[in-house]
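A.B. asks: The structure follows.
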Amino acid sequence: MKKIIFYCLSAMALLLSLNACRSAKKSLRRGDYDESVYRAVEKLKDNPRHTSSADILKEAYPMALQQHLDDITRYEKSVEPFRWEPVAEAYTSLNRLYNAVRDCRSCGQLVTARSYYDEEREARHKAAADRYAEAERLLNQGGRENARQAYTHLERVDGIVPNYQDVTRKLDEAYEQASFKVVVEQVLVSSRAYQLSNEYFQDRVNEFLQTNRRLNKFVRFYTPEEASDIKLRPDHVVRLQFDDFVVGQTLVETKSEIVTSKDSVKVGEATVDGKKVPVYNKVTAKLNRNRKTVHSSGVLDMQIQEFGSRRMVYQEKFPGEFNWFCEWANYNGDERALTAEQKRISNTRELLPPPPQQLFVEFSKPIYDRLTNKLRNYYARY
């Protein structure tokens, strides 16, 4: 059995080896020289004497090297505005090939690989300088759209050369000019009894805005306090106010019915021929079912205004409701007339509803969901 397993494993290893070799050959035939090098290197790491992989590496590496060097020459002669980026990427590819060969002990005896770290570093700095200069040009022109383009260029700079010059400060500067600023005002309800619950709702909205401070890349939300602290002149002001709500509207319904047992039960005894015998019959009871519903609902008014002109650009009202209820029952008559469910509810007692502030919170939950979805969708286009 052990020999059979060994032979199976050996056959599997041979199959994987053949597949790896075939993949390297396929990559070489279709001109994907980098992939061919990587596959040959991986095989030679496992088996330094793998002849076909060694032959593929000796053929593929010089071709990959020359392909990238030709690309670099072509890019450097180009008049494209950001031509140093593909140059840097080509040098990065050359260094990846160098690292792959260097990490394979036997591969270094088959091909002569060299690094291009200095060249890559120089190309990256030239690429970053081009993007940085374009970002500065756009910022100097002014305007939100130019600032957004500048911000994108500066993000690219930071990706090419992290912490290039003062790119972090420039990103903040560009974002400040590019962002669409929105202040969200929330108005307290007039009833003191529900101020605490309204504050809970406000806190949830503020938490949403803080967590999603940038619902899209360039929309920024502020509370009135934040806006006041930095003397902000926003683009929009969103005003939220409960303009109608009712809490704890109670309705009690009672339904009475005569219920009869499904089967006959013993209701007494009778004397027949001097002997007592049981008497069976169906029994009844009067069941009084009670249902208390406590209704709470409200409407949140959202108005979006332009800060400068005070012009209303959007308005929507968001309704929400919550119904709390409990059921209980009592009966007169024979308990055996009741079903198991009717017995259960007859053992239930009337419950007190939640306090008004909790009811306010409950009906405001669906309003919160609708409001935040609207804010997310509305400002996705800014």
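Bear in mind these aren't lab numbers, they're just calculated from the coordinates by the rules spelled out. All values reported here derive from a predicted model rather than from experimental measurement. Ideal geometry is used to build each Cβ from the backbone, glycine not excepted, and the neighbour counts take in all protein chains shown.
A.B. asks: Apply the Karplus parameterisation 6.51 cos²θ - 1.76 cosθ + 1.60, with θ equal to phi minus 60°, to every residue of the range 71-88 and state each ³J(HN,Hα) to the nearest whole Hz, in sequence, with x for glycine and proline.
C.D. replies: Taking θ as phi minus 60°, the curve returns 4, 4, 4, 5, 5, 5, 7, 6, 9, 4, x, 10, 5, 6, 5, x, 4, 4 Hz for the range 71-88.
A.B. asks: Let me ask something else. Tell me the Rg and the Dmax, in Å, that the Cα atoms of the range 92-210 produce.
C.D. replies: 25.4, 85
A.B. asks: Using a simple spin-label model with points 7 Å from Cα along the Cα→Cβ vector, what separation in nm is obtained for K266 and R336?
C.D. replies: In this crude spin-label approximation the distance works out to 0.8 nm.
A.B. asks: If the cut-off is 16 Å between C-alpha atoms, which aspartates and glutamates fall inside it for K231, apart from same-chain ones fewer than 8 positions away?
C.D. replies: Reachable aspartates and glutamates: E176, E185.
A.B. asks: What nm value, rounded to one decimal, do you get for the distance between R291 and D229 when each label is placed 7 Å out toward the C-beta?
C.D. replies: 5.2
A.B. asks: Can you tell me, using C-alpha contacts under 8 Å and at least 6 residues apart, the relative contact order of the chain as a whole percent?
C.D. replies: 11
A.B. asks: Still on this model: Out of every Cα pair in the chain, what percent are spaced more than 39 Å from each other?
C.D. replies: Roughly 60 percent, rounded to a whole number.
A.B. asks: Looking at the range 232-278, which trypsin sites (Lys or Arg not before Pro) are in a loop (DSSP not H, G, I, E or B) and have at most 10 other Cβ atoms within 10 Å?
C.D. replies: Answer in residue order: K262.
A.B. asks: Quote to one decimal, in nm, the extra length available between R376 and N216 on full extension: 0.36 nm per residue of separation minus the C-alpha distance between them.
C.D. replies: Details: separation 160, 0.36 × 160 = 57.60 nm, distance 0.82 nm.
Result: 56.8 nm gained on full extension.
A.B. asks: Can I ask one more? Label points 7 Å out from Cα along the Cβ direction at R310 and T168: separation in nm?
C.D. replies: Label-label distance for R310 and T168, simple model: 4.3 nm.
A.B. asks: Hey, another quick one. Could you size up the charge dipole of the chain around its Cα centre, putting +1 on the beta carbon of Lys and Arg and -1 on that of Asp and Glu, and report it in debye to the nearest 20?
C.D. replies: Dipole magnitude for the chain comes out near 1500 debye.
A.B. asks: Taking R0 as 25 Å, what's the FRET efficiency between F82 and Q141 from their Cβ-Cβ distance, rounded to 0.05?
C.D. replies: In this case the efficiency is close to 0.85.
A.B. asks: While we're on this one: Cut-off 10 angstrom, C-alpha nodes, Gaussian network model of the chain. Which of A100, A285, A24 fluctuates the most?
C.D. replies: Of A100, A285, A24, the most mobile in the Gaussian network model is A285.
A.B. asks: Return the subset of K217/K374; K126/K181; K170/K374 for which the Cα-Cα distance in this structure is over 27 Å, preserving the input order.
C.D. replies: K126/K181; K170/K374
A.B. asks: Which lysines have a Cα less than 18 Å from the Cα of K58, not counting those fewer than 8 places away in the same chain?
C.D. replies: Hits, sequence-local ones excluded: K25, K26, K43, K45.
A.B. asks: I would also like to ask the following. Straight-line reach only, C-alpha to C-alpha below 24 angstrom: list the lysines that K275 could link to, leaving out same-chain residues fewer than 8 apart.
C.D. replies: K266
A.B. asks: Let me ask another. Once every DSSP H run of n ≥ 4 in the chain is given -39500 (n - 2.57) and the sum is divided by its residues, what mean residue ellipticity at 222 nm do you get, rounded to the nearest 500 deg cm²/dmol?
C.D. replies: Taken over the chain, the calculation gives -17000 deg cm²/dmol.
A.B. asks: For the chain, modelled as a Gaussian network with Cα springs under 10 Å, which listed residue fluctuates most, A113, A174, A129?
C.D. replies: A113
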